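The values are calculated or read from the model by the stated rules, or taken from the named source; none is laboratory data. Just so it is clear, the model here is predicted, and its values are computed rather than measured. Note that we place each Cβ from the backbone using ideal geometry, even for glycine, and neighbour counts take in every protein chain shown.
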Amino acid sequence: MRRRFTIAILPLALAAGCSNTEKWEAELRAAHWKLDAAEQAAEQATVDKRLAEKEVELSQKNARVLQERLALAYDALREARTKLDSGLHDRLTELSESAGAPGERAQISPYGGVVLDSGVFFGSGRHELTAAGKAALTRLVTTLTQQQYADYDVELAGHTDRDPITRTADRYRDNHDLAALRANSVRRFLIEQGVPTDRVYLSAWGPDRPMGQDKAKDRRVEVLLHKRSTEPSLPASAPR
């Protein structure tokens, strides 16, 4: 009787084993499918990464080309301005000597302005003039109040880097706000020290006129000179 029972249940056991085998095979096929899908996704991610790197490389190359073209354009602009105003180069050279540290010249930017380095003239993330900045501007006032500058308007252009305002967001809404306030601090000091009010105005460019790859150089106020004409008009770089 026992033997019969064993023989009777044998087909059931084989059927159960077959069922498990099919289940495992199905799970194995699903695992292989997932593995294939993961490998394909990894390959696609590698391709996407390479494409992204190529796009970044191309963007950087285009940026360098545009920067070179911009530099050439500003060189041409400076040459044109110099031809129209033969004394402009001498005036800017004098200003750069006045604005720099004793025995040094301040940089003249590609945009034609004498650079007042924010690292000297302002505290980090602030618009108030430092003691060193006021001392440097005092020398600048001496130059700007000379007779040969009487026919020039003085534009004070504020510039920043591209980093968004975060730490001092309670004081400045954005980079243009900070740029304008820094330029206005310089304007107020020059006027208080004797530069005629009707000759000085400000503009704020924020991060829109970078100096290059060094963000520290982007943070600056520039002093630009514009020869007064017989007809009253705003210089090309004045805000409208």
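Filter region 185-197 down to residues that are surrounded by 17 or more Cβ atoms within 10 Å (Cβ to Cβ) and either touching a His at 6+ places or on another chain (Cβ under 9 Å) or among the acidic types (Asp, Glu) (or both), then give me how many there are.
Number satisfying all stated conditions: 1.
Residue under question is Arg187, and the condition is that it be in the same structural domain as Asp151 (by TED's automatic domain parsing) and either of a type in the set (Val, Ile, Thr) or modelled with pLDDT under 95 (or both); does it hold?
no
When the residues of region 115-164 are filtered to those that are out of contact with any Ser or Thr (no Cβ under 9 Å at 6 or more places or on another chain) and β-branched (Val, Ile, Thr), which remaining residue is surrounded by the most Cβ atoms within 10 Å (Cβ to Cβ)?
Val154
Out of region 187-207, which residues are touching a residue at least 40 places away in the same chain (Cβ under 8 Å) and either farther than 29 Å from Ser86 by Cβ or part of a strand (DSSP E or B) (or both)?
Listed by number, the residues that qualify are Phe189, Val200, Tyr201, Leu202, Ser203, Ala204, Trp205, Gly206, Pro207.
Keeping to region 212-226, report how many residues are touching a helix residue (DSSP H, G or I) at 6+ places or on another chain (Cβ under 7 Å) and either crowded, with 19+ Cβ neighbours inside 10 Å or of a type in the set (Lys, Arg) (or both).
Residues that pass the stated criteria total 5.
Output yes when any residue across region 102-116 is modelled with pLDDT of 85 or more and either part of a helix (DSSP H, G or I) or not assigned by TED's automatic domain parsing to the domain that holds Ser203 (or both), and no when none is.
No: region 102-116 contains no residue that is modelled with pLDDT of 85 or more and either part of a helix (DSSP H, G or I) or not assigned by TED's automatic domain parsing to the domain that holds Ser203 (or both).
List every residue pair whose Cβ atoms lie under 8 Å apart, where the two residues are 6 or more positions apart in sequence or sit on different chains, the first residue falls within region 30-45 and is at negative phi and without any contact (Cβ under 8 Å) to a residue 60 or more places away in the chain, and the second residue, located anywhere, is polar (S, T, N, Q) and surrounded by 10 or more Cβ atoms within 10 Å (Cβ to Cβ).
Filtered contacts from region 30-45: no entries.
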